[in-house]
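What follows draws every value from the coordinates through simple rules; no lab data is involved. These numbers come from a predicted model, not from an experiment. Quick reminder, even Gly has a Cβ in these numbers, built from the backbone with ideal geometry, and neighbours come from all protein chains shown.
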Amino acid sequence: MQENKKMVLTSNSEDRKKMGQKKKTASLFIRLVSAAGTGFFYVKRKNPKKIQTKLEFRKYDPRVNRHVLFTEAKMK
């Protein structure tokens, strides 16, 4: 009877360890580089499992003082 209690205690302590652990996120950081060639970039998070195409946004580039196309590039 005491052996059963010990087994229950060990299984509960293992469950507690698992409860505190977080899953790793699948998202990656990507760089959105200006098409104007100024070298200005934004950093954005992307989940490649959900979005498999390359991202393109029309965002503000302060170096040329206008909105231009920003395309996805790898982080260095």
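Quick one: in the range 24-58, which of the residues that are surrounded by 11 or more Cβ atoms within 10 Å (Cβ to Cβ) and of a type in the set (Ser, Thr, Tyr) is nearest to the chain's Cα centre (by Cα)?
Among them, the one singled out is Ser27.
Between residues in the range 34-53 that are of a type outside the set (Val, Ile, Thr) and residues that are in a loop (DSSP other than H, G, I, E, B), which pairs lie under 6 Å by C-beta distance while being six or more apart or on different chains?
Partner pairs satisfying both residue conditions: Ser34/Phe40; Ala36/Val64; Phe40/Arg63; Arg45/Ser27; Asn47/Ala26; Asn47/Ser27; Lys49/Ala26.
Any chance you could count how many residues in the range 18-28 are outside any loop (DSSP other than H, G, I, E, B) and of a type in the set (D, E, K, R)?
Looking only at the range 18-28, we keep the residues that are outside any loop (DSSP other than H, G, I, E, B), and these are 18-20, 28.
Okay, now just the ones that are also of a type in the set (D, E, K, R), so 18.
The qualifying residues number 1.
Would you pick out the residues in the range 36-76 that are of a type in the set (D, E, K, R) and in contact with a His (Cβ under 9 Å, 6 or more places away or on another chain)? Before the answer, list the steps.
Filtering the range 36-76 for residues of a type in the set (D, E, K, R) gives 44-46, 49-50, 54, 56, 58-59, 61, 63, 66, 72, 74, 76.
Within the range 36-76, Arg58, Lys59, Asp61 meet the criteria.
Working only within the range 59-76, note down all residues that are assigned to a strand (DSSP E or B) and exposed (fewer than 10 other Cβ atoms within 10 Å of the Cβ). Step through it out loud before you land on a result.
At the first step, the residues of the range 59-76 found to be assigned to a strand (DSSP E or B) are 59-61, 66-73.
Answer for the range 59-76, where residues must be assigned to a strand (DSSP E or B) and exposed (fewer than 10 other Cβ atoms within 10 Å of the Cβ): just Arg66.
Could you grab me the full set of residues in the range 29-51 that are among the polar types (S, T, N, Q) and in a loop (DSSP other than H, G, I, E, B)? Lay out the reasoning, then the answer.
Of all residues in the range 29-51, those among the polar types (S, T, N, Q) come to 34, 38, 47.
Within the range 29-51, Thr38, Asn47 meet the criteria.
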